[in-house]
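Undergrad: The structure that follows is given in the form of structure tokens.
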Ligand code: HPA
Ligand code: ZN
């Protein structure tokens with residue numbers, strides 16, 4: 001088969017996807033209407049036009065505004081269902097979804113409303129398509145560690161509904177060490193640990209995420225190549241990087257697709273995976289990320305299979321489930 005068909009058809013896992021970042025403008029408007037929430041944009045087209053970002057913060061401002069239409073458990077179900085349908089079409093067999101409870105609890109939406117709606121959609125996808133899913137609760141790093149602890153407290157009654165915790169939102173000025181104690185507590189609770197690092201922030205944030213937060217995967221991590229010693233360590237310890245190519249282009253981490261360092265990361269021996277991050281905002285779901293990178297860079301079939309294998313080996317599936325895919 002053509003390489004294109006291989007990319008589209010190969011079974012894959014997605015490990016870096018913010019569920020609130022899957023809200024398409026059409027659904028934002030539909031939910032705004034259903035919930036009588038006022039939007040600052042007059043139309044779907046006007047909202048889509050606003051998706052021209054200069055950096056991470058300019059994206060986050062619009063992303064949090066979009067999430068303001070989510071109020072009921074059914075809203076969270078509908079959002080998650082729409083993503084899972086797209087993932088299924090891309091031959092995603094397993095997905096680990098980030099969610100940002102603080103974005104919702106701050107607006108008076110109960111933690112349980114958020115997690116129950118998402119979880120019900122995950123259960124349906126498993127029954128209908130054999131598509132498995134797991135949730136990773138993210139702490140917003142622009143908020144305080146105290147607020148992260150309060151969120152963890154609210155989450156504990158739902159401990160069986162998520163497998164791990166992560167760290168997202170504005171990276172610069174909010175280094176990993178700000179959350180060292182709350183991550184230590186999460187580790188004691190048996191939660192899996194990941195963190196965004198080295199997206200916009202310096203390679204040193206990757207090092208401190210490993211050393212002080214004890215994370216098992218680095219989300220993004222593309223700036224590691226600026227530090228040879230760190231790169232060697234990531235390769236030696238087989239720390240997976242959940243890379244999101246189209247996100248990096250839209251947020252100006254790289255100027256254009258051909259400038260992305262995906263192939264350099266692979267050549268450095270790193271455990272690279274390809275993911276969509278916030279597909280509704282960055283112009284594509286996981287297969288679009290694969291297609292655009294393979295069009296722009298000299299990547300071949302072996303790279304495709306390698307990254308698909310990596311996506312399962314780096315997942316939080318248990319060993320027996322992983323084995324089915326490896
Ligand atoms: N980086 C940081 N925070 C985020 C992102 C991202 O790419 N997407 C959603 N929240
Ligand atoms: Zn992300």
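Undergrad: Yes or no: the stretch 140-149 includes at least one residue that is within 16 Å of ligand 1 (Cβ to nearest atom) and within 21 Å of residue 25 (Cα to Cα).
TA: No, the conditions are met nowhere in the stretch 140-149.
Per-residue answers, yes or no, for (1) more than 30 Å from residue 44 (Cβ to Cβ); (2) within 16 Å of ligand 1 (Cβ to nearest atom); (3) surrounded by fewer than 19 Cβ atoms within 10 Å (Cβ to Cβ):
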| position | (1), (2), (3) |
| --- | --- |
| 226 | yes, no, yes |
| 236 | yes, no, yes |
| 269 | yes, no, yes |
| 276 | no, yes, no |
| 294 | yes, no, no |
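Undergrad: Please verify whether residue 119 is in contact with a helix residue (DSSP H, G or I) (Cβ under 8 Å, 6 or more places away or on another chain), closer than 24 Å to residue 14 by Cα and more than 15 Å from ligand 2 (Cβ to nearest atom), treating the condition exactly as stated.
TA: Yes, satisfied.
Undergrad: Okay, next question. Being touching a helix residue (DSSP H, G or I) at 6+ places or on another chain (Cβ under 8 Å) and either closer than 20 Å to residue 165 by Cα or part of a helix (DSSP H, G or I) (or both) is the filter here, so list the residues in the stretch 308-326 that pass it.
TA: Across the stretch 308-326, the qualifying residues are 312, 313, 315, 322.
Undergrad: Right, another one. Give me a count of the residues in the stretch 131-140 that are over 16 Å from residue 119 (Cα atoms) and either at pLDDT below 95 or buried (at least 23 other Cβ atoms within 10 Å of the Cβ) (or both).
TA: The qualifying residues number 1.
Undergrad: Still on this model: Look through the stretch 10-53, keep the residues that are closer than 22 Å to residue 116 by Cα and in contact with a strand residue (DSSP E or B) (Cβ under 6 Å, 6 or more places away or on another chain), and return whichever of them is nearest to ligand 1 (Cβ to nearest atom).
TA: Checking each candidate, the answer is 18.
Undergrad: Next question, about the same structure. Considering only residues that are within 16 Å of residue 200 (Cα to Cα), part of a loop (DSSP other than H, G, I, E, B) and within 20 Å of the chain's Cα centre (by Cα), which ones fall in the stretch 238-268?
TA: 244, 251, 252, 253, 254, 260, 261, listed by residue number.
Undergrad: Hey, does the stretch 252-273 have a residue that's under 19 Å from residue 90 (Cα atoms) and in contact with a helix residue (DSSP H, G or I) (Cβ under 8 Å, 6 or more places away or on another chain)?
TA: Checking the stretch 252-273: at least one residue is under 19 Å from residue 90 (Cα atoms) and in contact with a helix residue (DSSP H, G or I) (Cβ under 8 Å, 6 or more places away or on another chain).
Undergrad: Right, something else. From the set of residues in the stretch 269-290 that are under 12 Å from residue 10 (Cβ atoms) and part of a helix (DSSP H, G or I), which is nearest to the chain's Cα centre (by Cα)?
TA: For the stretch 269-290, the residue satisfying everything is 286.
Undergrad: Another one. Could you list all residues from the stretch 61-99 that are in contact with a strand residue (DSSP E or B) (Cβ under 9 Å, 6 or more places away or on another chain) and either assigned to a helix (DSSP H, G or I) or more than 14 Å from ligand 2 (Cβ to nearest atom) (or both)?
TA: 63, 76, 80, 83, 84, 86, 87, 90, 91, 92, 93, 94 - these are the residues of the stretch 61-99 that are in contact with a strand residue (DSSP E or B) (Cβ under 9 Å, 6 or more places away or on another chain) and either assigned to a helix (DSSP H, G or I) or more than 14 Å from ligand 2 (Cβ to nearest atom) (or both).
Undergrad: Restricting to the stretch 189-215, count the residues that are more than 16 Å from ligand 1 (Cβ to nearest atom), outside any helix (DSSP H, G or I) and surrounded by 16 or more Cβ atoms within 10 Å (Cβ to Cβ).
TA: 4
Undergrad: For residue 102, indicate whether it is in contact (Cβ under 8 Å) with a residue 12 or more places away in the chain, within 16 Å of ligand 2 (Cβ to nearest atom), over 16 Å from residue 219 (Cα atoms) and not in a loop (DSSP other than H, G, I, E, B).
TA: For residue 102, the condition - in contact (Cβ under 8 Å) with a residue 12 or more places away in the chain, within 16 Å of ligand 2 (Cβ to nearest atom), over 16 Å from residue 219 (Cα atoms) and not in a loop (DSSP other than H, G, I, E, B) - is met.
Undergrad: Would you point out the residue of the stretch 10-24, among those that are in a strand (DSSP E or B) and within 12 Å of ligand 2 (Cβ to nearest atom), that is farthest from the chain's Cα centre (by Cα)?
TA: Among those that are in a strand (DSSP E or B) and within 12 Å of ligand 2 (Cβ to nearest atom), it is 14.
Undergrad: Still on this structure: Starting from the stretch 158-186, take each residue that is within 22 Å of residue 203 (Cβ to Cβ) and more than 16 Å from ligand 1 (Cβ to nearest atom) and list its partners that are in a helix (DSSP H, G or I) and at pLDDT 95 or above, counting only C-beta distances under 6 angstrom and pairs at least six apart or across chains.
TA: The qualifying pairs are 177/208.
The values are calculated or read from the model by the stated rules, or taken from the named source; none is laboratory data. Because the structure is a prediction, the values reported are computed rather than measured. When we count neighbours, we look across all protein chains shown, and the Cβ atoms used for this are built from the backbone with ideal geometry, even at glycine.
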